[in-house]
1. Taking amide H positions as placed in the peptide plane 1.01 Å from N, state which residues far from residue 36 in sequence (5 or more) or on other chains have amide H under 5 Å from it.
2. Under 11 Å from the Cβ of residue 134, count the other residues' Cβ atoms, weight Lys and Arg +1, Asp and Glu -1, and hand me the total.
3. Going by how many other Cβ atoms sit within 10 Å of their own, how do 25, 68, 6, 41 line up, fewest first?
4. Among 70, 105, 146, whose mean-square fluctuation peaks in a Gaussian network model of the chain (Cα, cutoff 10 Å)?
5. If you average the alpha carbon positions of the stretch 61-110 and of the stretch 1-59, how far apart do those two centres end up, in angstrom?
6. Enumerate the whole-percent occupancy of each 5 Å bin, from 0 to the last occupied one, for all C-alpha pair distances of the chain.
7. Anyone know which of 46, 167, 16 comes out most mobile in the 10 Å Cα GNM of the chain?
8. Under the rule a/c < 1.5 gives rounded, and otherwise a/b versus b/c splits prolate from oblate, where does the stretch 1-120 land using the Cα gyration tensor?
Amino acid sequence: MPTDHWLLFSPQLPATPSSLRVLVWRRMQTVGALNVPNGLWLLPHTAEHEQFLSKIRADIEQQEGMAWVFTAQLVDATSQERLVARFQEERQEEYAEFASRCQEFLQEIARETQAHKWTFAELEENEHDLHKLTRWLHQIQRRDFFPTALAQEAVAHLARCRETLQTFAQAVYAQHGVLSSEEAPFLPALQEKQDEIGGNV
């Protein structure tokens, strides 16, 4: 999202209720806004972000607060680069946490594979965990305005989780007679993944 135009959001919130401060903070974090000094928030200038800030300003005013939205432009390229880097740093933290959770997911399947836990309960739980990872990555991607190589790495991490779960699912289906051994040639691939992923678990 190349841009040199920004939206600056300045909320003035009442002391009570504290729930309004929490609501504003969560919404700004969710959309990917950058918190800058003196309680200001910064977003790339897009029509979608304008609409978002108008909505949150209306919500604040309904609870006897005030908010202002300004357009801004940095005066030099160096400042622009530093600002973009700030946005990227915040997403990098999220991608690092996402990669860690993906590794935990793979390790869990490796443990279940080693213990031969070919049960529907384990499969369903793993499917639920993969769904959460998928939804989480989509949330990060929506607020990743200036993607780096970590964005593609995260996609690869999720693809590996999905592939590993698919192999695990084939094992469960074969164990319960849903698929024959010819229809689900999972064991060699599954053992390779177990050796690779579960060596340190």
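1. Amide H to amide H, under 5 Å and 5 or more residues apart or across chains, residue 36 pairs with 41, 42.
2. Working: positive: 132, 135, 162; negative: 127, 129.
Charge balance in the 11 Å sphere: +1.
3. Numbers: 25 15, 68 12, 6 19, 41 23.
Ordered by Cβ neighbours within 10 Å, fewest first: 68, 25, 6, 41.
4. 70
5. Each part reduced to its Cα centre gives a spacing of 13 Å.
6. 1, 7, 13, 14, 12, 10, 9, 8, 7, 7, 6, 3, 1, 0
7. Largest GNM mean-square fluctuation: 16.
8. Numbers: a/c = 3.20, a/b = 1.70, b/c = 1.88.
Here the stretch 1-120 falls in the oblate category.
Quick note: the coordinates plus some simple rules give every number you see, no bench work behind them. Just so it is clear, the model here is predicted, and its values are computed rather than measured. Don't worry about glycine lacking a Cβ; one is built from the backbone with ideal geometry, like all the others, and counts go over all protein chains shown.
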